[in-house]
Amino acid sequence: MKPIYYTLIASALLLVSCKKEEAYLAENIPILKEHNVLEDKPYSVPFKTLEPEYILEKGHLVEEFFHKHIKKDPNFSGSFLVAKNGQIIYEEYQGYSNKSKNEVLTENTPIHVASVGKVITAVTTLRLVDEGFLYLDQSVSSILPEFPHEDITVRMLLNHRSGLRYYGYYDNTIWDKSKTITNQDVLDIISTKKVSLDFIPNKKFTYCNTNYVILALIVEKITGDTFKKAVKDLVFDPLQMSHSFVFDNIEKKNEVCQSYSASNRQMHWDYMDGTYGDKNIYTNPRDMLKLDTALYSDQFLSPALKEQMFKGYSYETKGKRNYGLGFRLIEMDNGHNYTFHNGWWRGNTTSYIRLEQDSVSIILFANKYSKLSYKTIDLAHHFGDYKVGDLDL
């Protein structure tokens, strides 16, 4: 599909999609609820309203957990939210988005969510797949002609089975560290074949940021837009995620939420901070909850595609850990999947947990480094059948 046709065809598809959505909502009128973040918004989901007693009980439990396990760091800086059925049970925001300017962090503050942003990159890509602009098993080289590995597909990028090497591990002679690396720079190096594959494509799983750098370039090629605008058009605007954006201009680094070390030192920026898709996506828990809730709607992503998204692809070694299309999985003994994604970049330590069978979201975005951000996994068993043994990472 050539970019010149994108806008026209997308408009036609949008009209069809809107008609389908109207028909769906006519048959499934959602119960209006005070805390539903998608109430009267696109892709609303007819969840059952939570009883006030449930919200009070679980809210107290979550608050106690937060103060015991997360806020025990007196200098915790970040955002925390837990929701069920799209309804917020508990949220807390504290710290600074910029300490030197005395700017406090609020519920509206977009934070660099590090690798949690891979979920957003994956959803953006899958929206294009759903609309027929590309295919999961399409070769990357058919989209990006300079890409030299014909056996690598879009699906292999999404599930980290491509064999591409992480661009941060390239030989020191490849990068000029006085210049910021861009997504195109990464593709240019791959196209020269100066860096070999780490393994035969689809042979095994190895988590690698390079996959999502290339996915961002694919989105740009298919849409004819910048990745920033494509994500805005395909995800952020439809879901009214008004405080979310892709950061693609390092010259404006002082205008975004800063990150801090464990000792409260402001983290530096360097030549590795220019790529996007693998990172450099900013959002907050309330906006992320809108995306999480929309994933329950069959109008936002088709059931067939979500089935592909939330299943494991790597079984070369024994274990419960796996990876879908943009989500990490733990395949539990009860037959369900515990789905999540963690992130770390500079001082940003982030965690997004999606307990689909119980429609629960647990979201923590910290802009001050702390391993406590990943303690959120211990909240899961309070909302369903999630045994400690099953979630042993």
Response to the item:
Sequence order, the stretch 94-105: Karplus ³J(HN,Hα) from phi using 6.51 cos²θ - 1.76 cosθ + 1.60, θ = phi - 60°, Hz rounded, Gly and Pro as x, gives 7, x, 10, 7, 8, 5, 5, 9, 6, 8, 7, 8
Discussion item. If exposed means no more than 16 neighbouring beta carbons inside 10 Å and the site is in a DSSP loop, what's the longest run of the chain without any exposed GluC sites (Glu not before Pro)?
Written reply: 151-315
Practice prompt. Go through the stretch 315-330 residue by residue and turn each phi into a ³J(HN,Hα) via Karplus (6.51, -1.76, 1.60, θ = phi - 60°); whole Hz please, and just put x for glycine and proline.
Written response: 10, 5, 10, 6, x, 9, 7, 8, 9, x, 10, x, 10, 7, 10, 10
Fill in: Stokes-Einstein D in µm²/s, Kirkwood radius over Cα pairs - the stretch 182-273 at 25 °C with 0.890 mPa s viscosity
153 µm²/s
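When only Cα pairs under 8 Å and 6 or more residues apart are kept, what is the percent relative contact order across the stretch 280-369?
On the way: 121 pairs, mean separation 16.0, N = 90.
Relative contact order of the stretch 280-369: 18 percent.
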Worksheet item: Most mobile of L187, L364, L61 per a Gaussian network model of the chain (Cα springs, under 10 Å)?
Response: L61
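So which trypsin sites (Lys or Arg not before Pro) in the stretch 62-138 are both in a DSSP loop and have at most 14 other Cβ atoms within 10 Å of their Cβ?
Details: sites: K68, K71, K72, K84, K99, K101, K118, R127; in loops: K71, K72, K99, K101.
Filter output for the stretch 62-138: K72, K101.
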Worksheet item: How much of the accessible area of the chain, in percent, comes from carbon and sulfur atoms when a 1.4 Å probe is used?
Response: 51 percent
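Show that you can apply the helix-only estimate: for the chain, add -39,500 (n - 2.57) for every DSSP H stretch of four or more residues, divide by all residues, and state [θ] at 222 nm to the nearest 500.
Numbers: 9 runs with 102 residues, N = 393.
Taking each H run of at least 4 residues, the total per residue is -8000 deg cm²/dmol.
Output the relative contact order of the chain, whole-number percent, from Cα pairs under 8 angstrom with separation of 6+ residues.
On the way: 720 pairs, mean separation 87.1, N = 393.
Reported relative contact order: 22 percent.
Using +1 on the beta carbon of Lys and Arg, -1 on that of Asp and Glu, and nothing else charged, what's the dipole of the chain about the Cα centre, debye to 20? If you can, show how the numbers build up before the last one.
Working: 46 positive and 50 negative charges, 206 e Å.
For this selection, approximately 1000 debye.
Can you give me the accessible area per residue for the chain, using a 1.4 Å probe, in Å²?
Values: 17390 Å² over 393 residues.
Result: 44 Å² of accessible area for each residue.
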Worksheet item: For the chain, modelled as a Gaussian network with Cα springs under 10 Å, which listed residue fluctuates most, F245, F80, F199?
Response: F199
Discussion item. Could you give each residue of the stretch 295-306 its phi-based ³J(HN,Hα) in whole Hz, using Karplus coefficients 6.51, -1.76, 1.60 with θ = phi - 60°, and x for Gly or Pro?
Written reply: 5, 7, 8, 6, 8, 7, 9, 5, x, 4, 6, 5
Response to the item:
Within the under-12-Å Cβ sphere about N280, not counting N280, Lys/Arg +1 and Asp/Glu -1 give a net charge of +3
Worksheet item: For the stretch 119-270, what class follows from the C-alpha gyration tensor (a ≥ b ≥ c being the square roots of its eigenvalues): rounded when a/c is under 1.5, otherwise prolate if a/b is larger than b/c, else oblate?
Response: oblate
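The values are calculated or read from the model by the stated rules, or taken from the named source; none is laboratory data. All of these numbers come straight from a predicted model, not from anything done at the bench. Ideal geometry is used to build each Cβ from the backbone, glycine not excepted, and the neighbour counts take in all protein chains shown. Keep in mind that these areas ignore ligands, DNA and RNA; they rest on the heavy atoms of the full protein, side chains included. Shrake-Rupley method; radii C 1.70, N 1.55, O 1.52, S 1.80 Å.
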